[in-house]
Amino acid sequence: MTTTTERQRDTLTGSPAWHLSRRLRENAAQMPDRVALREKRHGIWRDITWRDYLANCEMVAYALAALGVGPTDRVAIQSENRPEWLYVDLGANMLRAAIVGFYPTNPVAEIRYLCADSGVRVLVAEDQEQVDKAMAVIDEVATLEWVVYLDSRGLSDYDDDRLLSLDEAIAKGAALRAADPDLLDRIDAGKTPEDLVTLIYTSGTTGPPKGAMLSADNVAFGSDVFAAHDGMFGKHGLTHDDVLVSYLPLSHVVERSVTTWGGLRNGTVVHFAESIDTVVADLAEVQPTVLFAVPRIWEKIQASVAIRMANASRLKRFSYGIARRLGDRAAADRIRTGGAHTLLSRVLTFLAWVIAGRKLRRHLGLAKVRMALSGAAPISTEVLTSFLSLGVLIHEAYGMTENTAVATANRPGRVRLGTVGEAQPGIELRVDEATGEVLTRHRGTFRGYWQRPEATAEAVDADGWLHSGDVGEWVEGSHLKIVDRIKDIIITAGGKNISPSEIENAIKASPYVREAVVIGDKRPYLSAIIGIEFDTVADWASRRRIEYTTYRDLSSKPEVIALIADVVGDVNTRLARVESVRKIRMLAKELDHEDGELTATQKLKRAAFAATVPHLIDDMYAGTSEYPGADLGRG
C-alpha cells in the first residue's frame, strides 16, 4: 500500500496528488488558455479557462479570509451545480478550511442541524430560497457569522449586516489582498496530506446524518483510482480529452470526485447545465464522453425512450422495433463476453445504429459516451440490458462516502451484469465469512465521523477495515454482488431471509414504476407499496383517453392499478414462491426529501416511510381492500 511519502505525481502537474490548490496553479501555468469549465447562461455556453479558474478561486479565497475564515474552519455551500461551487470549494482549500456541502433540497430543520453540528463559519447560499433557509437559523447557530449569496434576485429588500453578496465579499477580499498579498502562499506552505478537505454528511437513512471527514490524502487516492489505466474509466482512465456534464449534486462524494477533484487532476472539460430542468437538453447538446448516473437517472432516461417511442409514427416505431431486436441479440452476445464486442455483436450493433440507434442516442446525449457508469444504489439487470441493446454498456461501480467512493467497479471487457465488479487498484476487499458484510481497507478510508469517536470505532475496526453495512457475495470468485443493506434484509414469519432491493429493482425496471417498497419483515408473505412514474403513466393514460386530474387520481384509476399489477405479476413469475409479492397498494403522492421520506440522494428512509403509510401496510395484511391496490396471489 502506498505511504504518505510515496505520493504519485500527476502527468499534468508536478505537485503531489494531495495538494489541490498547487495543482490548480500548475494547470493554470501549463495550459492557461485551455478550457477547464463551461457554463450555460441565457442559452449560450461560456468558456472558463484554467487561468480564469485559478483567478476566480483566489478571489473567493481572499473573500473568505476577509470574512474571518482560516485553517481548520468550515465553510458551507448550498447551491445547484455551477462554477461558483468549485470556486468556493477550492478557495476554502487554499485557506486550509474544509467545505461542507448542503443539498439544495435540504429543508430548514436539516440546515439548522448541519450548521450546528459542523460548526460552519460562513454559508454560501445560491439564491433567495437558500438564503431564507440560512437566515432562519443564523440566530440559533453560534458559529455562523456570515451568509453570502450568489444570485441577488429577490434579495434587494433584505436588511441584515450578516448577509452580503459574493461581489461584496470579493471586494472585501481585494482590500485584504492589497494589504497582505502573501497570505495564500504562507497558508499553502503549511499544508499536509492529513488536512481536512471536506465534511460530507451521510444520508441519514437510520438516524441523524454524520459528517464523514475526508482528508487531502483520501481525496488524492480516490482521484488516482479514477485516473488509473485499465480501471473503472477505461484503458486510459479519465483524461484531458474527456467531456463531462456536472448535474448530480456536488454535495455527493462521486460528483465531487469527478467534477472537482478528477477535473483538477486530469484536466477534463466540465460543463454546467443552465438548470437541473435543462439537463436532458444539455446532455444532447454537449454529448459527453463519460457519463456517471445513479440508477434513478438511468431509469428516467429509459422511461423517456418509452414515451418517445409510444408517441412516434408507425414507421419510427417499426424501425425502432427492428433496431431493438438487433440490439437485444448484440447485447446477449456481449453479456457472454464480459461486455467485449464479437464480430457478430459489432455487425448487429452497427445495423441497429444505422436503423434507429444513431438518432436516438444523439437525442439522449449518449452518442459519444465511451464510458457509462452507475452507482450509489442497486440497478436492475433489465435496465442494464435495455441500454446495452442501444449499444451503451453501463458499468456498475461500488463505493461509499466513508471510502471516498472507491471500492469496486466492472472494468471494460470484464463486466458481469448484476455485480459491482472487481476490487479497484490499491484496494483490499473481503466479505466477512460469518456475516456476509463487505469490508474494505485502503488509503481512501475516511478519518472518521466528525465529533463522533464511538460511531467511528463502529465503522472502522482496530485492523483498519471499514465495515460497509452491506451484505455481499462473490460471483465467479472475482466479482462482488451487493445483496442488500444488512438492516434492510427481510426475515419473514416463516424464517426466510429475503433481499427486498432485488425485488424492488426488478419492479422499478418497468418504465411505469418510480418507487417500489417491499414489505414483509415478520409477516406471512411479501407485499409492496408502489409509486407510479407519473410522466410515463400519464402518457399511457392519455393515449387510452383515460381522464385524470392529479397524481392521486391517476394512481387510483382501475386501469392504472391493473397496469401495475401486471408489472408486478410478471416479476413474480421470475421469483421463488416465498419471494413473490402477494399484494400491492398505490402511493397517493410522489415521495419527497422535504417530507422526510427520501434522503437528499433519493434513497428511501424505510423507517420514516413506513411511519407515513401504516394504513396501507395494515390494509394489505388485514384482508381488506380499503385503499387503491390489488391482490395478486402467487403471480
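The values are calculated or read from the model by the stated rules, or taken from the named source; none is laboratory data. This is a predicted model, so every value here is computed, not measured. Neighbour counts run over all protein chains shown; Cβ positions are idealised from the backbone, glycine included. Surface areas here come from the heavy atoms of the whole protein model, side chains and all, with no ligands, DNA or RNA. Shrake-Rupley method; radii C 1.70, N 1.55, O 1.52, S 1.80 Å.
Out of everything in region 59-86 that is aliphatic (A, V, I, L, M) and open to solvent by 30 Å² or more (accessible area, probe 1.4 Å), what residue ends up being farthest from His19 (Cα to Cα)?
Once the filter is applied, the top-ranked residue is Ala66.
Could you please give the count of residues in region 301-319 that are under 11 Å from Leu364 (Cα atoms) and crowded, with 18+ Cβ neighbours inside 10 Å?
3
Considering only region 116-140, state which residues are of a type in the set (Val, Ile, Thr) and over 25 Å from Met213 (Cα atoms).
Answer for region 116-140, where residues must be of a type in the set (Val, Ile, Thr) and over 25 Å from Met213 (Cα atoms): just Val131.
Any idea which of (1) under 20 Å from Phe609 (Cβ atoms); (2) free of Cβ contacts under 8 Å to residues at least 60 places away in the same chain; (3) in contact with a Lys or Arg (Cβ under 9 Å, 6 or more places away or on another chain) is the one Lys522 doesn't satisfy?
Going through (1) under 20 Å from Phe609 (Cβ atoms); (2) free of Cβ contacts under 8 Å to residues at least 60 places away in the same chain; (3) in contact with a Lys or Arg (Cβ under 9 Å, 6 or more places away or on another chain) one by one, Lys522 breaks only (3).
Please enumerate the residues belonging to region 370-384 that are closer than 14 Å to Asn410 by Cβ and part of a helix (DSSP H, G or I).
If the condition is that a residue be closer than 14 Å to Asn410 by Cβ and part of a helix (DSSP H, G or I), then Thr381, Leu384 are the ones that fit.
Scan region 94-126 residue by residue and report those that are without any contact (Cβ under 8 Å) to a residue 40 or more places away in the chain and open to solvent by 10 Å² or more (accessible area, probe 1.4 Å).
Selection gives Val108, Ala109, Arg112, Ala116.
Any residue that is farther than 27 Å from Ile507 by Cβ, open to solvent by 20 Å² or more (accessible area, probe 1.4 Å) and among the polar types (S, T, N, Q) - is there at least one of those in region 365-384?
The answer is no; no qualifying residue exists.
Could you list, in sequence order, the residues of region 21-58 that are touching a residue at least 60 places away in the same chain (Cβ under 8 Å), surrounded by 19 or more Cβ atoms within 10 Å (Cβ to Cβ) and within 16 Å of Asp188 (Cβ to Cβ)?
The answer is Ser21, Arg23, Leu24, Asn27, Glu58.
Here are some conditions: (1) among the hydroxyl-bearing types (Ser, Thr, Tyr); (2) in contact (Cβ under 8 Å) with a residue 24 or more places away in the chain; (3) over 22 Å from Ile379 (Cα atoms). Ser304 meets all but one. Which one does it not meet?
Condition not satisfied by Ser304: (3).
I'd like to check something: does region 351-364 contain any residue that is farther than 24 Å from Ile297 by Cα and either among the aromatic types (Phe, Trp, Tyr) or under 28 Å from the mean Cα position of the chain (by Cα) (or both)?
No, region 351-364 contains no residue that is farther than 24 Å from Ile297 by Cα and either among the aromatic types (Phe, Trp, Tyr) or under 28 Å from the mean Cα position of the chain (by Cα) (or both).
I need a count of the residues in region 531-561 that are among the aliphatic types (A, V, I, L, M), open to solvent by 10 Å² or more (accessible area, probe 1.4 Å) and either within 21 Å of Glu382 (Cβ to Cβ) or touching a strand residue (DSSP E or B) at 6+ places or on another chain (Cβ under 6 Å) (or both).
1
Any residue that is open to solvent by 20 Å² or more (accessible area, probe 1.4 Å), at pLDDT 90 or above, touching a helix residue (DSSP H, G or I) at 6+ places or on another chain (Cβ under 8 Å) and within 27 Å of Arg443 (Cβ to Cβ) - is there at least one of those in region 267-283?
Within region 267-283 (the criterion being open to solvent by 20 Å² or more (accessible area, probe 1.4 Å), at pLDDT 90 or above, touching a helix residue (DSSP H, G or I) at 6+ places or on another chain (Cβ under 8 Å) and within 27 Å of Arg443 (Cβ to Cβ)), the answer is no, since none of the residues qualifies.
In region 59-82, how many residues are touching a helix residue (DSSP H, G or I) at 6+ places or on another chain (Cβ under 7 Å) and over 22 Å from Ala179 (Cβ atoms)?
6
When you go through Asp167, Asp180, Asp89, Asp160 one by one, which is the residue that is acidic (Asp, Glu) and farther than 30 Å from Arg22 by Cβ?
Answer to the check: Asp160.
Which condition does Ala434 not pass, out of (1) in contact (Cβ under 8 Å) with a residue 12 or more places away in the chain; (2) open to solvent by 30 Å² or more (accessible area, probe 1.4 Å); (3) part of a loop (DSSP other than H, G, I, E, B), if it passes all the others?
Of everything listed in (1) in contact (Cβ under 8 Å) with a residue 12 or more places away in the chain; (2) open to solvent by 30 Å² or more (accessible area, probe 1.4 Å); (3) part of a loop (DSSP other than H, G, I, E, B), Ala434 misses just condition (1).
Here are Asp566, Asp535, Asp553, Asp539: which of them is closer than 30 Å to Pro104 by Cβ and over 28 Å from the mean Cα position of the chain (by Cα)?
Asp553
Looking only at region 69-92, count every residue that is touching a Ser or Thr at 6+ places or on another chain (Cβ under 6 Å) and either free of Cβ contacts under 8 Å to residues at least 24 places away in the same chain or not in a helix (DSSP H, G or I) (or both) and tell me the total.
Going through region 69-92 one residue at a time, the tally reaches 2.
In the set Ser510, Ser468, Ser501, which member is among the small types (Gly, Ala, Ser) and part of a helix (DSSP H, G or I)?
Ser501
Given the criterion open to solvent by 40 Å² or more (accessible area, probe 1.4 Å) and without any contact (Cβ under 8 Å) to a residue 60 or more places away in the chain, identify the matching residue among Pro412, Pro453, Pro425.
Exactly one of Pro412, Pro453, Pro425 is open to solvent by 40 Å² or more (accessible area, probe 1.4 Å) and without any contact (Cβ under 8 Å) to a residue 60 or more places away in the chain, namely Pro453.
Could you count how many residues in region 90-120 are closer than 22 Å to Arg447 by Cα and in contact with a Lys or Arg (Cβ under 8 Å, 6 or more places away or on another chain)?
Within region 90-120, residues that are closer than 22 Å to Arg447 by Cα and in contact with a Lys or Arg (Cβ under 8 Å, 6 or more places away or on another chain) number 9.
Considering each residue of region 330-354, count those that are part of a helix (DSSP H, G or I) and either crowded, with 16+ Cβ neighbours inside 10 Å or hydrophobic (A, V, I, L, M, F, W, C) (or both), and give that number.
Summing the residues that are part of a helix (DSSP H, G or I) and either crowded, with 16+ Cβ neighbours inside 10 Å or hydrophobic (A, V, I, L, M, F, W, C) (or both) in region 330-354 gives 17.
Take the residues in region 480-520 that are among the charged types (D, E, K, R) and open to solvent by less than 20 Å² (accessible area, probe 1.4 Å), then tell me which one is modelled with the lowest pLDDT.
Asp484
Tell me, which helices (runs of 4 or more DSSP H) lie completely within region 532-635 with 2 or more residues that are modelled with pLDDT of 90 or more and under 24 Å from Asp488 (Cα atoms)?
The helices (runs of 4 or more DSSP H) meeting that bar are 558-572, 614-621.
In region 144-193, what count of residues is obtained for those that are surrounded by 12 or more Cβ atoms within 10 Å (Cβ to Cβ), part of a loop (DSSP other than H, G, I, E, B), acidic (Asp, Glu) and free of Cβ contacts under 8 Å to residues at least 60 places away in the same chain?
Number of matching residues: 2.
Tally up the residues in region 284-324 that are over 17 Å from the mean Cα position of the chain (by Cα) and part of a helix (DSSP H, G or I), please.
The qualifying residues number 23.
Pairs under 6 Å by beta carbon, first residue in contact (Cβ under 8 Å) with a residue 24 or more places away in the chain and farther than 26 Å from Ser501 by Cβ in region 362-386, partner open to solvent by 50 Å² or more (accessible area, probe 1.4 Å) and not small (Gly, Ala, Ser), six or more apart or different chains?
Pairs found: none.
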